[in-house]
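Following: one structure in structure tokens, then a few remarks.
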Amino acid sequence: MVRKQNANTRYSYSSKKSKTCYSSTKGTPLSAYCSLPDAEQAADYANITYKSNLVPYKCAKCNDWHLSPGNRQTPSETCTVCISANGKPKELYTLQKDAKARAEILNKEQQVKLDIYKCPYNSGWHLTKSKLRR
Ligand SMILES: [Zn+2]
Ligand SMILES: [Zn+2]
């Protein structure tokens, strides 16, 4: 693909507004990037210009790339065995601390209380809605 470089800037990337994905905090459409290099350019630009700490991630919903604050990124894969309540494979976190970090983010943003537990089938950790113990 040939890309036109704007002479005034070292950054050239193409972005669009997502039709499917919205910011969980502001409710505005997320910027979507077709490829990782586009998303990386945009992240670099924002990180330098606005002193942000953005990292690209591939969206499972729209298959484009979005940017999210670095500390939100918790490496995970999907479990081959466990299915979550919505019928999709559960996220499997390799490290307990990543599962914990994710639970804290969801707790803050969506007011859901999550527990972490060790996957009985794979080596990793899952999140589950906290059950009130009586
Ligand atoms: Zn998306
Ligand atoms: Zn599992």
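So what's the back-of-envelope 222 nm ellipticity for the chain, counting only DSSP H runs of four-plus at -39500 (n - 2.57) apiece and dividing by all residues, rounded to 500?
Result for the chain, helices only: -7000 deg cm²/dmol.
Residue by residue, segment 81-97 carries 3J(HN,Hα) couplings of 10, 7, 10, 8, 4, 8, x, 9, x, 6, 5, 10, 9, 5, 10, 4, 5 Hz when phi is fed to the Karplus relation 6.51 cos²θ - 1.76 cosθ + 1.60 (θ = phi - 60°); x denotes Gly or Pro. Since only SER35, VAL55, SER24 are under comparison, the one whose Cα sits farthest along the positive direction of the charge dipole of segment 16-71, derived from C-beta charges on Lys, Arg, Asp and Glu, is SER24. Here the Kirkwood formula, the inverse mean of 1/r across different C-alpha pairs, assigns the chain a hydrodynamic radius of 16.9 Å. When the chain is treated as a Gaussian network with alpha carbon springs shorter than 10 Å, the biggest mean-square fluctuation among SER18, SER123, SER68 belongs to SER123.
Under a 5 Å amide H cut-off, with hydrogens placed 1.01 Å from N, LEU114 pairs with SER130 among residues at least 5 apart or on other chains. For the residue pairs LYS58/LYS118; LYS51/LYS113; LYS26/LYS58; LYS19/LYS118, alpha carbon separations beyond 27 Å are given by LYS51/LYS113; LYS19/LYS118. Computed over segment 77-129, the range of Cα coordinates on each principal axis works out to 28, 24, 15 Å, biggest value leading. What would the Debye equation give as log₁₀ I(q)/I(0) for segment 16-71 at q = 0.26, 0.30 Å⁻¹, counting only Cα atoms as equal point scatterers? At q = 0.26, 0.30 Å⁻¹ the computed log10 ratios are -1.09, -1.28.
Only the coordinates and a few stated rules stand behind these numbers; no lab work does. This is a predicted model, so every value here is computed, not measured. Glycine also receives a Cβ, built like all others from the backbone with ideal geometry; neighbour counts cover every protein chain displayed.
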